[in-house]
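All of the numbers you see were taken from the coordinates with simple rules; none came from a lab. Quick caveat: nothing in here was measured; it's all calculated off a predicted structure. Note: ideal-geometry Cβ built from the backbone for every residue, glycine included; neighbour counts use all protein chains shown.
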Amino acid sequence: MMPAIYLEAIVLTLGVLLVLMEAFSNSEEKTPVAWLGIVGLTFVFILTFFTANDLSASPYSAFYHADFRAIFFKRFALLTTIVVLVLSIEYRGVVQKYVFGSRPQAGLGEFYALPVFTCAGLMWMASAVDFIMIFVSLELVTISFYILVAYMRRNAGSLEAGVKYLILSALSTGFFVYGITWIYGVTGQTSLEKIGAILLGLKVSHGPLLFGFMLVLTGLGFKIACAPFQIWVPDVYQGAPTPVTAFLSVGSKAAGFIVLMRVAEVFLPVPWINHKAVTILVALAALSLLYGNLAAMPQHNLKRLMAYSSIAHAGYILIAVACIGSRYANIAVSFYLAGYLLMTLLTFLVMAAVANQAGGDDIVHFNGLGKRSPYLAFAMLAAMASLAGIPLTVGFFGKFLIFYVAYEKGQFLLMGIGVLTVAAGFYYYFKVVRAMYWKEPADDTPVRTSPLTGATIAALAFCIFFLGVYPAPVIRALEGPPSDNPRLLAR
Amino acid sequence: MLNILILCPIVAAILALLGAPARPAALLASLINLVVALLALFQYDKTGPAFQFVSEFGILPEWRLTYLVGADGLSLLMLLLTAIVTFAAVWVTPAVARLEKQFYACLLFISAGAMGAFASVDLFFFYAFHELALIPTFLLIGIWGSGDRQSAAWKITIYLALGSFILLLGLIGLYQSVPVAARTFDIRALQELAAAGKIHPASANGVYLLLLIGFGILISLFPFHTWAPKAYASAPTPAAMLHAGVLKKFGLYGLLRVALPLLPDAARHWTHLLIILLIGNIIYIGLVTISQKRLDMMLGYSSVMHMGYIFLGIASLNTLGLNGAALLMFAHGLSIAALFAIAGQVGRRTETLAFEDLGGLAKPMPFLGFAFGLAAFASIGLPGFANFASEILVFFGAFQSHVAGSPFFGFRLATVLALWGVVISAVYMLRAYKAVFMGELPGRWSALPDLKFSLRLPIVLLLATLLFAGFCPRVFLAFLAPSVKAASFRETLS
């Protein structure tokens, strides 16, 4: 059993190794960099199963937790990055077109190496329980995203996305840090655990602390892309290279949510904060649900549609965050994110494969996919069904847990909005299904995918159904094996 | 045994998608299912425990989430209905011009979903299996439908999605209204808890309303019915048969299986609302049906209207009415499937189903005319058919369950109005028969071929089952007794 902190060290080393390989290798071909990244990350993924969950023994426990949830989100980050690398290989033609240097594949090496650093940041964030640590890891993630979003430097859309992301992200980071300073000013602590103890124990001044909490919430709202901090999302998602969009919508959102959970768990149990904080979280959730789902309906471009859908899903997850205190709220958030990872990455993989051939990622480019490549179309159908929330897919089980905790906490307003927006979601996700099966294809040539992409698509589609019917592996990874938790049986 | 019923269509669908000959695979699977369903019916021990053929597989034991199938008399009857209608629907499917594999796969998935829902004893899977039919329905109407298929497909999909998520809230509420330590999705355990009075009364009324609206949307309860007629009119014939005949019964089955036995007091609390809505189904939709100008639309509306009778039986909450409702579910499923099958055949030959274009078709097609006549009589509720036997029970049950002090003589008034519904359905069915099969035969159709002998078989099967159940309703009622007893509470109170 090795300490969890080694995992981040290995990933960082791997990242440095990839950069060195890119710099010193004479080969024109850069794909091996990505391959090494995939293999290395897979190795680390396997290592996570041999990692100690024990907190007390760790000398870092004041600012670094390696509980079940942290390990779970480390796996989450690794898996996301692996799929993003697969996606990058599939997408390399487009990147090449917009980045030219002295050699044909110039610049691709870094494109493969940077996600690994982001991954290290995400993994670190999963364990961070101190505001300083959270901030540092958040910045590691964000700065590598600055580069990645604007990576296609000859493409106006990518540059525009980069600038928008840079400015708004910097602004939100400002809010976040400012919030931390207020909280520090009131409590004299940056460790979440100690802040929690102080809030429950001594008398602290309410106003400044609430102000700080709201600022932190604003900063995180940007990361998780919830309304009203969602302005940047559609343009950045559409402009960024597709693998980066996938990474942003899954990795960045998950990172925001794990921090939000850690913060909310400290602040929400405090009676005088709880009421106000829950009201605000409910408002955020309701706004995100309505805005994301309604704005997604008229979209014609799938990438943009996924941007609005990402706002909508942030809304669903926020329902569970607003219910923290319920026994299953954390599980609901984490499970929903795991499902969201599978279905979103699957969508982006199929989208990249189709866009390679059709030359665009509008919904019309999917016309007749059911006839051209039945397997790809079926995978996309699985992703859309899961995003919409049809039972026996992982997306449904996530929504089930969300509604479960909402009912338990009596959040009837959110439940009502949630049910209506689910119906709206059926409309825009099924637009893709309609294009694939109802419409006639423009040409009958099947869409070609590399074996690696094909295998990844198959694996993700399989997981969507498998975890939808048998969610136990994810739940156990979050909760530990049932025998360790006898109180679970009572419930 | 029940696992075969669920898995057989799924396996056949996957084989068909992978390249096996689609029609033979689908026929074989539905034939196997028919045989298995009959076998299960014969092997069911009426003296034994309510749920038999139980098999389970723990999904999340620590949350008590289990894949759990089992069947009592009510579920066996619905499984038999599913098997018969699936078999008939697959059989009457005409040659599919494009995407044949996908067509049969969609049909089989709907069938598997219905089988799974009726066989599930665990509420989570009961719910999940029903939803399995959502995407296939969307595809069936969207790809192979006729007329205004696009808007019909959107409407049914979004409406049913909305209904099923409301239903999900209701089920979650039900789960949470028992004490923490006893929470479970197992219907048997929940029934025991309900009998012991462990279900929290404060939340019962709200939960029941959620269930009623959720199931009601799926059943096309007035005023949530607008998705149904259009979708059935646009759907390809086998899809309309399966959906109107089988899938729609899921909601009714849910009311009988879940809502009434577990929340009897709440059921009584909302009875008046239900009565008003079901009169809407019978009278308002009945009048709308009369005014229809196309055969397929008329059949769609008539299927909505007949839900009113089943609701009346359910609302009566006594043994007679509930027996009638359960048997009527079976009978209506068969008769509407037969009507859609015949209408589909007529439509294929004439390429129009508007009443004003049709006429005199009984001359070139005597068999179709005869069969349509029988199915129409069954649907009206003429003696000899199962519909009659069950509607009589419903009416007697409803008339009986009048409680003193209820406004407008509640049930009695409703029963009298519902009886007028029979007249209404006689009007539209006979008018339809006259418009399609009697009168002047347009010359261009004088040489239309009658139904091939092999295609007559499924329709004969549907009608023969109806007649059998009409003459010997006891055979089926004997199976229903324990399940109905669990759902009815008036006798146990008095």
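The angle separating the long axis of helix A:5-24 from the principal Cα axis of greatest extent in chain A is about 30 degrees.
Each of A:VAL422, A:VAL16 was scored by other Cβ atoms within 10 Å of its Cβ. Arranged with the fewest first, they read A:VAL16, A:VAL422.
Extending 7 Å from Cα along the Cβ direction at B:SER55 and again at A:LEU413 yields two label points whose distance is 4.9 nm. Taking only the alpha carbons of chain A, we obtain Rg and Dmax values of 21.7, 71 Å in that order.
Translational D (Stokes-Einstein, µm²/s) of segment A:330-386 at 10 °C and 1.306 mPa s when Rh comes from the Kirkwood sum over C-alpha pairs? Approximately 131 µm²/s, per Stokes-Einstein. Scalar couplings 3J(HN,Hα) for segment B:211-217, obtained by applying the Karplus form with A = 6.51, B = -1.76, C = 1.60 to θ = phi - 60°, are 5, 5, 5, x, 4, x, 5 Hz; x denotes Gly and Pro.
This ranking places A:CYS226, B:CYS472 by how few other beta-carbon atoms lie within 10 Å of each, fewest first, which gives B:CYS472, A:CYS226.
Computing Rg and the Kirkwood Rh from the Cα coordinates of segment A:1-79 gives a ratio, Rg/Rh, of 1.08.
Rounded to the nearest 0.05, the FRET efficiency derived from the C-beta distance between B:LEU39 and B:GLU100 at R0 = 22 Å is 0.10. Quick note on segment B:35-114: its Rg to Rh ratio, both from C-alpha atoms and Rh being the Kirkwood radius, is 1.10.
In the protein assembly as shown, helices alone account for a calculated mean residue ellipticity at 222 nm of -24000 deg cm²/dmol, with every DSSP H run of four or more residues adding -39,500 (n - 2.57). Applying 1/(1 + (r/R0)^6) with R0 = 56 Å to the Cβ-Cβ distance of A:ASP444 and A:ASN26 gives a FRET efficiency near 0.85. The Cα-based radius of gyration of segment A:357-457, divided by its Kirkwood radius, gives an Rg/Rh of 1.10. What is the helix-to-structure angle for A:131-149, meaning the angle in degrees between its Cα long axis and the longest Cα principal axis of chain A, kept from 0 to 90 and rounded to the nearest 10? So the helix axis and the longest Cα principal axis differ by about 20 degrees.
Normalising the average separation of contacting C-alpha pairs (under 8 angstrom, six or more residues apart) by the number of residues puts the relative contact order of segment B:107-176 at 25 percent. Relative contact order of chain A, taken over Cα pairs closer than 8 Å and 6 or more residues apart, is 14 percent. Over all pairs of different C-alpha atoms in segment A:282-441, the reciprocal of the mean inverse distance, the Kirkwood hydrodynamic radius, equals 15.7 Å. Among B:SER30, A:SER249, A:SER373, A:SER326, a tally of other beta-carbon atoms within 10 Å of each Cβ gives an order, fewest to most, of A:SER326, A:SER373, B:SER30, A:SER249. The alpha carbon radius of gyration of segment B:270-494, expressed as a multiple of 2.2 N^0.38 Å, is 1.09. At 4 °C and 1.567 mPa s, what whole-number value in µm²/s does Stokes-Einstein give for the translational diffusion of segment B:181-267, with Rh from the Kirkwood sum over Cα pairs? Reported coefficient: 90 µm²/s. Ranking B:GLY73, A:VAL433, B:ALA343 by how far each Cα lies toward the positive end of the dipole of the protein assembly as shown (charges on Cβ) leaves B:ALA343 at the top. Checking the cross-link pairs A:LYS303/B:LYS248; B:LYS248/B:LYS434; B:LYS155/B:LYS293 against a 32 Å limit on the alpha carbon distance flags A:LYS303/B:LYS248 as lying beyond it. Fully extending the segment from B:ARG456 to B:ARG431 would add 6.6 nm, taking 0.36 nm per residue of separation and subtracting the current Cα-Cα distance. Note on the protein assembly as shown: antiparallel DSSP beta bridges, both residues inside, total approximately 85 percent of the bridges counted. Kirkwood radius, segment B:218-296, all distinct C-alpha pairs, inverse of mean reciprocal distance: 14.1 Å.
From the Kirkwood radius over Cα pairs of chain B, Stokes-Einstein at 37 °C and 0.692 mPa s returns a whole-number translational diffusion coefficient of 146 µm²/s.
Seen against the Cα atoms of chain B and their longest principal axis, helix B:134-144 is set at about 10 degrees.
Beyond 22 Å, what share of the Cα-Cα pairs of segment B:251-397 remains, rounded to the nearest whole percent? That tail contains 44 percent of the Cα-Cα pairs.
Stretched out straight at 0.36 nm per residue, the stretch from B:HIS269 to B:LYS485 would grow longer than its current Cα-Cα span by 75.8 nm. With K and R counted +1 and D and E -1, the other residues having a Cβ less than 15 Å from that of A:VAL233 yield a net charge of +3. Around the amide H of A:TYR64, modelled in the peptide plane, lie the amide H atoms of A:VAL129, all under 5 Å away and 5 or more residues distant in sequence or on another chain. For the protein assembly as shown, the alpha carbon positions stretch 88, 64, 45 Å along the principal axes, listed from largest to smallest.
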